[in-house]
Every structure is written in structure tokens, then in C-alpha cells.
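Structure first, commentary second.
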Amino acid sequence: NEGNLTMTKFVIDPAPQVCLPIRGSNESFPVRRIYCIGRNYADHAIEMGHDPNKEPPFFFQKNAQNVDTSGTFPYPPQTSDVHHEMELVVALKSGGAEISLDNALEHVYGYGLGLDMTRRDLQGEAKKLGRPWEVGKSFEKSAPMSELVPVSETGHLDQGRICLKVNGEIKQDGDLNQMIWKVPEMIAYLSRFYDIAGGDLIMSGTPAGVGPIQRGDKMECEIEHLGTMTIKVI
Ligand code: MN
């Protein structure tokens, strides 16, 4: 009963609303769901051992509570192979079901930088056993993110350099125009399966060059037209 929230007496304290800051504003973007596309850059699909031409898109989800804007990434437990995946984050201001390709971009609030941090060893095991990916993908602080930049400032981003350096060395270096499934296509596709809504984020996939990080590393992320984000692994 969402309309009645202020009247509701909870038996425990409700979890705080997860938010992303907005560049140049003291208002915040409330995060609802996080949809992440797999293998959306051909060269990354190839490096993971897949044929980029034959597959329809597929998505997994992270939890809103996985978002972190502290500028740090604590090395997670139960793994010895954590990979960076540098991604464009698409933030939706509205949604629906069965959204047409032509109207899809009208639902975008803005864009940001994000890391789809991955416990690659656990993900690999899950893949091998045909199990879900959550344990590899949806863990605490697994989604470091920047502030969002509204579309009114950036326009829609269908091209531009996307890159990540670890300790000053370029590891991932691609262009948003290499996405196999473009932003409007991802929105339209997701809306056939889910009621997507304002507050939802789409992590739009990573270019080639994913690899492991260690405690003490500095990850410098950049997307042309958006800016930079620096994350320290602790
Ligand atoms: Mn990813």
C-alpha cells in the first residue's frame, strides 16, 4: 500500500532508499531495480569464449542495495578473482510494458558511470553448473557508481570513448557505439518481460579487457561526454 507509507507502522525499521546523486543538483535519484546486460560488446563476448553474432540479449539483476558511491570498493569475501567491468549506466525516469523502440529514449532520465564488479571464479562455477549468477554478480558494494548526468546536459549517448585504467594502465578501451544492443533496444526488450519503471538502472555491458583487481589498486573510469570516476580497492 504505497500511498499510505507515512501511516504504516513497521515491525522493523524499513531499509533506507538507495539513491544516486545528480551532477549540479542537491536532489537525488531513487534507485529501484538494476538490470545488467551480458556480453553486449562483441570483443568482450569473444574474450569470454562466445560468438557475438548468434545470441539474443540476456539480462541478470543486481540489487539496489549493491550500489555504492563512496569511491571505494572493499575486496569481497569468498573469492580470489574479482574482475572490473566498466559500463555506461542508463537511469530511467519512467517505464511501462511493451515500450516501442521509437518511444524508448523518452524514458531515460540520464546517464552515469558504473562498475559491474564480478566474482569471476564464482560466476564461472555457476555457469559450469547451470546455476544462477547472483553469487558472482550481486554482492555487497558490487555496483560502484558515479553521480548521474541528466539527458538535458549530455544528450543521448550512442557514441563516445569508454575506458578503464588500473593503476594508470589502460585495461578497457572501447566506444559506446560498439554496443550490440543499443540503449533503446535494451529498454524495449526489457519492457517485454518486466514492468520497468522510473528508478530502474540499466548497466549496458562492458567492452573487452576485463580482468582482476587487488587490494590497493586504483581504478580510473572514464566515459566521454560524462566524465570520470575513481575507485580505490580496499
Ligand atoms: Mn557486466
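Points to keep in mind about this one:
- Counted residues, the range 177-234 - those being out of contact with any Leu (no Cβ under 6 Å at 6 or more places or on another chain), of a type in the set (D, E) and assigned to a loop (DSSP other than H, G, I, E, B): 3
- If you check E87, E106 for being of a type in the set (D, E), at pLDDT 95 or above and within 19 Å of P144 (Cα to Cα), only one passes: E87.
- Of all residues in the range 38-58, exactly one satisfies the criterion of being crowded, with 18+ Cβ neighbours inside 10 Å and among the aromatic types (F, W, Y), namely Y41.
- The range 207-224: number of residues that are in contact with a Lys or Arg (Cβ under 9 Å, 6 or more places away or on another chain) and either more than 16 Å from the ligand (Cβ to nearest atom) or of a type in the set (S, T, Y) (or both): 6
- Residue list for the range 3-37, restricted to those being within 27 Å of F139 (Cβ to Cβ), out of contact with any Gly (no Cβ under 7 Å at 6 or more places or on another chain) and either aromatic (F, W, Y) or surrounded by 10 or more Cβ atoms within 10 Å (Cβ to Cβ) (or both): F10, Q17, V18, C19, P21, I22, S28, F29, R33, I34, Y35, C36
- Qualifying residue in the range 44-58 (condition: in a loop (DSSP other than H, G, I, E, B), small (G, A, S) and more than 18 Å from the chain's Cα centre (by Cα)): yes
- Single residue of the range 30-43 satisfying the filter (more than 22 Å from D158 (Cα to Cα) and either part of a loop (DSSP other than H, G, I, E, B) or hydrophobic (A, V, I, L, M, F, W, C) (or both)) that is farthest from the ligand (Cβ to nearest atom): R32
- Matching entry among E106, E87 (being among the charged types (D, E, K, R), within 22 Å of L20 (Cα to Cα) and under 16 Å from the mean Cα position of the chain (by Cα)): E87
- Top-ranked residue of the range 188-209 - restricted to ones that are within 14 Å of the chain's Cα centre (by Cα) and farther than 19 Å from T118 by Cα, ranked as surrounded by the most Cβ atoms within 10 Å (Cβ to Cβ): D200
- Within the range 96-122, the set of residues being in contact with a Gly (Cβ under 9 Å, 6 or more places away or on another chain) and farther than 15 Å from A197 by Cα comprises L113, D116, T118, R119, R120, D121, L122.
The values are calculated or read from the model by the stated rules, or taken from the named source; none is laboratory data. Quantities reported herein were computed from a predicted structural model and do not represent experimental measurements. Reconstructed Cβ throughout: ideal geometry from the backbone, glycine too, with neighbour counts over all protein chains shown.
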